[in-house]
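Notes to accompany the following structure.
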């Protein structure tokens, strides 16, 4: 198994991605360890989504190499072990909660008793068991977001990608989501999450600060605060942005 | 798990097909559109095309003198109890004027004198038809034939052993006028192509706009499985619709039908697969539902207008004629009409079917190509 040579589930090695003349990502290198939550933080257009899409295999890096679970991406072989929650809560509105889960589970080969067991577990996890037979169109925004997470978890992925999973939901549910993530980490799931919210960033094990496609820093929240000498993330982020300096002109 | 090709999973295809069927059956309005619209359109067309099928008026010009009175009586007796037929006498001099007045649908004209008929053994009748209503004209031709037959075997004014011949003249149009008979086979094709294209492109557009396509692309689902799942899901509905349309046109509208039902579905299947994939391909160029609707005048209306439904393809001006011959609906129309009306088999319609299969293959290639961008 290639994983034995490098146990880290995600290795990003000097990766760049260009769309025409625009550098969406520029010389990004990072590793994510098994069972940790790695946060990608940065303003809109900083390259968070581009990086997540490359990690998912939805595109090929222009430069450098990405290895996910030991496979050079893009590689369909790892698809079965990856869960993905998109920015929009990508669901089928006509289908019930259970049918959405059954469909996405079916894509990963789940059926019969195994599917039923996973459906029950996942519904309990996101607290939607009592709405199992409701059409997705009748759910509230927060419930849809929870179902969207459940659909990403139905096949027990080892790696979970969450692209701004808490956009537009209330603070209480955001808090609940981060509790889910902590439980998943405890079960050995590695999570890569992008977010705008700097208070959420504090709950990640490690953070990557992205700006204009460059990784300004990647470290634990505490270390980032210590290095910058700032107590809150907004200021810490600005510190790293100013330190990167030239990148501002480059990306603009 | 049954698999072929490079690991194509039929279970995943079936999973996708089932999802499409579920989504569809939840959408009552779309189901109604799919299954009620063809019936409404067919019913309207049937009435428009054969609008006096309920009531036709046949005028007749009797021979002169006493023979004329006998013939008149015999004709009246022959049509006794015929539903929807009115028989009226017309004066020989006013035939043309009566026809133009629109009071009769046709006039059956006897010779002035039947005395020569006994000698020659033939009775020549003329049927002058108004012709603007093909349904009525057609009905009158068959009624006149029946009447002539009744005369020739009835002793009385005309001798027993005569042969009757009727020559029909049309004031407007002609016997080649399109009717429900000719239209129904084409509509089977038009309905399935139209709805399958529209519904697939909207369904696929939604996959994109709601972001589910990203989830599909990240999952182990292959592009081929995605396309196949869509084809199966929508083809099932298209075939159900075709069955419904056929039952309606044959059972209710009493359209003449001589064909091989299996062959008919084979043609519909080829057309539908082409339609589903054209829908997937087209949806890549639409950003919202309105833009999908914009494909209708662009891609569908020309095919419906030029494919033989309204005007015979052969009678089209040369440029349009050539255009018609690159359109799949034209070939579907030819094939379906030949199967249903002429009872043609695979031996005769294979060139049309081949074109439709070729179109389907091309569309599969294009739809697969349009999905390439989703996952590299």
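From (1) free of Cβ contacts under 8 Å to residues at least 12 places away in the same chain; (2) closer than 25 Å to residue A:136 by Cβ, pick out the condition that doesn't hold for residue B:221. Of (1) free of Cβ contacts under 8 Å to residues at least 12 places away in the same chain; (2) closer than 25 Å to residue A:136 by Cβ, only one is false for residue B:221: (1). Screening the candidates B:173, B:189 for the property of being surrounded by fewer than 22 Cβ atoms within 10 Å (Cβ to Cβ) and either touching a helix residue (DSSP H, G or I) at 6+ places or on another chain (Cβ under 9 Å) or at pLDDT 75 or above (or both) yields one hit, B:173.
Every residue, every condition in (1) under 23 Å from residue A:200 (Cα atoms); (2) at pLDDT below 95; (3) not in a loop (DSSP other than H, G, I, E, B), yes or no:
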{"site": "A:40", "(1), (2), (3)": "yes, yes, yes"}
{"site": "A:52", "(1), (2), (3)": "yes, yes, yes"}
{"site": "A:55", "(1), (2), (3)": "yes, yes, yes"}
{"site": "A:58", "(1), (2), (3)": "no, yes, no"}
{"site": "A:77", "(1), (2), (3)": "no, yes, yes"}
{"site": "A:91", "(1), (2), (3)": "no, yes, no"}
{"site": "A:94", "(1), (2), (3)": "no, yes, no"}
{"site": "A:110", "(1), (2), (3)": "no, yes, no"}
{"site": "A:121", "(1), (2), (3)": "no, yes, yes"}
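Residue by residue, here is whether (1) away from chain A (no Cβ under 14 Å); (2) touching a strand residue (DSSP E or B) at 6+ places or on another chain (Cβ under 7 Å) holds:
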site: B:181; (1), (2): yes, no
site: B:194; (1), (2): yes, no
site: B:209; (1), (2): no, no
site: B:224; (1), (2): no, yes
site: B:229; (1), (2): no, no
site: B:239; (1), (2): yes, no
site: B:245; (1), (2): yes, no
site: B:248; (1), (2): yes, no
site: B:251; (1), (2): yes, no
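Of the listed requirements (1) modelled with pLDDT under 90; (2) on the phi < 0 side of the Ramachandran plot; (3) more than 12 Å from the chain's Cα centre (by Cα), residue A:48 misses just one: (3). Can you pull out the residues in segment A:75-91 that are out of contact with any helix residue (DSSP H, G or I) (no Cβ under 6 Å at 6 or more places or on another chain), touching a residue at least 40 places away in the same chain (Cβ under 8 Å), facing chain B (nearest Cβ under 8 Å) and under 23 Å from residue A:117 (Cα atoms)? A:80, A:82 - these are the residues of segment A:75-91 that are out of contact with any helix residue (DSSP H, G or I) (no Cβ under 6 Å at 6 or more places or on another chain), touching a residue at least 40 places away in the same chain (Cβ under 8 Å), facing chain B (nearest Cβ under 8 Å) and under 23 Å from residue A:117 (Cα atoms).
For segment B:74-81, the criterion of being closer than 30 Å to residue B:224 by Cα and either within 14 Å of chain A (Cβ to nearest Cβ) or modelled with pLDDT of 80 or more (or both) is met by none of the residues.
Among the conditions (1) away from every other protein chain (no Cβ under 14 Å); (2) closer than 20 Å to residue A:185 by Cα, residue A:63 misses just one, which is (2). Listed by first and then second residue, the pairs with beta-carbon distance under 6 Å, at least 6 apart or on different chains, first residue in segment B:5-28 and facing chain A (nearest Cβ under 10 Å), second at pLDDT below 85 and part of a strand (DSSP E or B), are B:9/B:3. When residue B:304 is tested against the conditions (1) modelled with pLDDT of 90 or more; (2) surrounded by 15 or more Cβ atoms within 10 Å (Cβ to Cβ); (3) over 30 Å from residue B:211 (Cβ atoms), the lone failure is (1). I'm told residue B:319 meets every condition in (1) at negative phi; (2) touching a residue at least 12 places away in the same chain (Cβ under 8 Å) except one. Can you identify the failing condition by its number? Status for residue B:319: all satisfied but (2). Applying the criterion of being part of a loop (DSSP other than H, G, I, E, B) and closer than 16 Å to residue B:262 by Cα to the residues of segment B:321-376, the residue that is modelled with the lowest pLDDT is B:343.
The values are calculated or read from the model by the stated rules, or taken from the named source; none is laboratory data. Keep in mind that this is a model prediction, so the values were computed, not measured. Positions of Cβ are backbone-derived with ideal geometry, glycine not excepted, and every protein chain shown enters the neighbour counts.
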